[in-house]
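Heads up: the structure comes next, in structure tokens.
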């Protein structure tokens, strides 16, 4: 399952390639995340592998400024990634294991930086744009400076991000679709985590030096 979350790391020549009216939807989407104090939503993650097999995951996502996120998988099994801004807790209930990842910068996925409003216009190279056949939806192909390519679907009416997709070097495709988005700021307590009693706790620099 670590591979699944690692693929999130891979999730963003010129802007003159796009028409002005197409630029505006993308710009509004970025500004919406930058100006937001937080939100919650459901997500569906579908990974299409190069061998024609696929796997789907479902869960919930919560974002709060600055740098807080809670990414929780419910299906096909429970798994949690949560950060209060410094480091990330990774908790797998079935394995009875909680891991502390102290260096947030080294594991901070691109999709989190985007949704948390920490990516601005100057960091993005805009490649192509296409209307994908869905009514009122535009798909943008972009690349972060010194980063991978991403495909992002935006609804024209609301300028909201519908899904984001990345491709890895093996030909696998990872798409995250966002649903039931609520633009309300989650409570800070949602981003706190204490390993349950009895689980194995691993990692360096664990907050409070929790020992189980």
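Determine, yes or no, whether residue 99 is at pLDDT 90 or above, surrounded by 15 or more Cβ atoms within 10 Å (Cβ to Cβ) and outside any loop (DSSP other than H, G, I, E, B).
Values: at pLDDT 90 or above: yes; surrounded by 15 or more Cβ atoms within 10 Å (Cβ to Cβ): yes; outside any loop (DSSP other than H, G, I, E, B): yes.
So residue 99 fits the description; yes.
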Name the pairs whose Cβ atoms lie under 7 Å apart, with the first residue in segment 18-29 and over 15 Å from residue 139 (Cβ atoms), the second part of a loop (DSSP other than H, G, I, E, B) and modelled with pLDDT of 65 or more, and 6 or more positions between them or separate chains? 28/159
Please determine, by comparing only the residues of segment 168-195 that are at pLDDT 90 or above and assigned to a strand (DSSP E or B), which one is nearest to residue 49 (Cα to Cα). 173
Checking the condition surrounded by 18 or more Cβ atoms within 10 Å (Cβ to Cβ), touching a helix residue (DSSP H, G or I) at 6+ places or on another chain (Cβ under 7 Å) and either at pLDDT 75 or above or at positive phi (or both), which residue from 164, 124 passes? 164
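The values are calculated or read from the model by the stated rules, or taken from the named source; none is laboratory data. Quick caveat: nothing in here was measured; it's all calculated off a predicted structure. A quick note on method: Cβ atoms are made from the backbone with ideal geometry, for glycine too, and the neighbour counts reach across all protein chains shown.
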